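Here's the structure we're looking at; comments come further down.
We did not get these values from a lab; they are worked out from the coordinates using the rules stated. Small disclaimer: the values here were computed from a predicted structure and weren't measured. Neighbour counts run over all protein chains shown; Cβ positions are idealised from the backbone, glycine included.
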Amino acid sequence: MTIKKKNWQSGLSPADATDGIRALVRDDEADAHIRVHFKKQLNERELLITDALHVLKHGFVYDQPEQSTQPGFWKYKMQGTSPNSGKRKLEIIIIPDFDQCGYKLITIYWVDGQ
């Protein structure tokens, strides 16, 4: 999936972001940057990186994006369940870079806040 730069001015719609992030995460050549905070959150919740990837490959973006601190990039909240989350929903903050075929995983948490 190709995302045109003109769409980056205001971020993608939730539907386009869902499709774009799913395609990006499924791309074996995509460059994943996983922040230390993200790894700590996985460990605290007794989740695996495969749980996060499952959410990113099968979840949904429901909200409009939030501007990242770096101009031209947007933060998206992707929600879904994973094999190890039971029926609890997880939310992942991701910053995709469609131009460079990469993404940064910022944090992961339970939607119910517990």
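If a/c stays under 1.5 just call it rounded; otherwise compare a/b with b/c (prolate if a/b is bigger, oblate if not). Do that for segment 27-85, with a ≥ b ≥ c from the square roots of the Cα gyration tensor eigenvalues. Prolate is the answer for segment 27-85, as a/c is 1.5 or above and a/b outweighs b/c.
State the antiparallel share, in %, of DSSP beta bridges confined to segment 7-110, rounding to the nearest 5. In segment 7-110, approximately 80 percent of DSSP beta bridges are antiparallel ones. Using only Cα atoms, tell me the angle between helix 49-58 and the longest principal axis of the chain; keep it within 0 to 90° and round to the nearest 10. Computed tilt is about 50 degrees. Here the Kirkwood formula puts the hydrodynamic radius of segment 52-100 at 11.6 Å, using every distinct Cα pair. Counted over all Cα-Cα pairs of the chain, pairs farther apart than 25 Å make up 15 percent. Net charge of the neighbourhood of Y109, taken over other residues with C-beta under 12 Å away and scored Lys/Arg +1, Asp/Glu -1, is +2. Taking every alpha-carbon pair under 8 Å whose residues sit at least 6 apart, the chain reaches a relative contact order of 30 percent. The C-alpha atoms of the chain define a longest principal axis, and helix 14-26 lies at about 70 degrees to it.
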